[in-house]
Amino acid sequence: MEQANGLWTAFDYAVVDVEGNGQQPPDLVEISIVAIKDGLIGPAKNWLVRPPRPITPMARRFHKITDDRLVDAPAVADIEEELRHALSDKVFVAHNAGVDLGVLGRELPGFQPARVLDTLKLARRLLPGRTSYKLGALVDAFGLARGLPADLMPHRATYDALVCA
């Protein structure tokens, strides 16, 4: 990827959020990817994923995804090609990107984006002195959820990826 004229819009981005099952290490149960092309935020692509191990009660309370809901969901192997295509040749963007990259690195062997933009690190650098850099705190402070459908909720991959975008 060559940077044209130093503009951030010269790059294509894949804004990612994953939800895990709460196991150590976590298995993927949901992933959303929001493409940004030419500076325009596209629609979210979302996948529910059947993990090999059950969702812990703590994770279930956090994101409200149950094992019953995932019985008919595909395994990661079933959607691996789609995920790799949605992520390939893009700047990988996530809030606290190391977490998302850790899950995806285990689920998609060999996956390593060429460039990573961590919005948590970016917020800490550009907004010094805030009491919290959690995604929810930034959403509240800057109205980042304005205009999102009312049925989307925090701590679900689509909501988190869209507000991160």
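The values are calculated or read from the model by the stated rules, or taken from the named source; none is laboratory data. Quick caveat, the model's predicted, so the values are computed rather than measured. Every residue, glycine as well, gets a Cβ built from its backbone with ideal geometry; the counts of neighbours run over all protein chains shown.
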Exercise for the section: Determine whether region 91-101 contains at least one residue that is surrounded by 12 or more Cβ atoms within 10 Å (Cβ to Cβ), without any contact (Cβ under 8 Å) to a residue 12 or more places away in the chain and of a type outside the set (Phe, Trp, Tyr). Expected result: no
Handout entry: From Ala44, Ala59, Ala77, residue being outside any strand (DSSP E or B), closer than 19 Å to Gly136 by Cβ and either modelled with pLDDT under 95 or of a type outside the set (Val, Ile, Thr) (or both)
Key = Ala59
Practice task
Take the residues in region 149-165 that are of a type in the set (A, V, I, L, M, F, W, C) and free of Cβ contacts under 8 Å to residues at least 12 places away in the same chain, then tell me which one is nearest to His95 (Cα to Cα).
Solution key: Leu152
Handout entry: Criterion (within 29 Å of Ser88 (Cβ to Cβ), of a type outside the set (D, E, K, R) and either buried (at least 18 other Cβ atoms within 10 Å of the Cβ) or without any contact (Cβ under 8 Å) to a residue 24 or more places away in the chain (or both)) met by exactly one of Ala137, Ala123
Key = Ala123
Exercise for the section: Look through Ile36, Ile31 and report the one residue that is surrounded by fewer than 22 Cβ atoms within 10 Å (Cβ to Cβ) and assigned to a strand (DSSP E or B). Expected result: Ile36
Handout entry: Lone qualifier among Arg84, Arg146 - being exposed (fewer than 14 other Cβ atoms within 10 Å of the Cβ), closer than 18 Å to Ala44 by Cβ and touching a residue at least 24 places away in the same chain (Cβ under 8 Å)
Key = Arg84
Exercise for the section: With the condition kept exactly as written, say whether any residue in region 87-108 is out of contact with any helix residue (DSSP H, G or I) (no Cβ under 9 Å at 6 or more places or on another chain), assigned to a loop (DSSP other than H, G, I, E, B) and among the acidic types (Asp, Glu). Expected result: yes
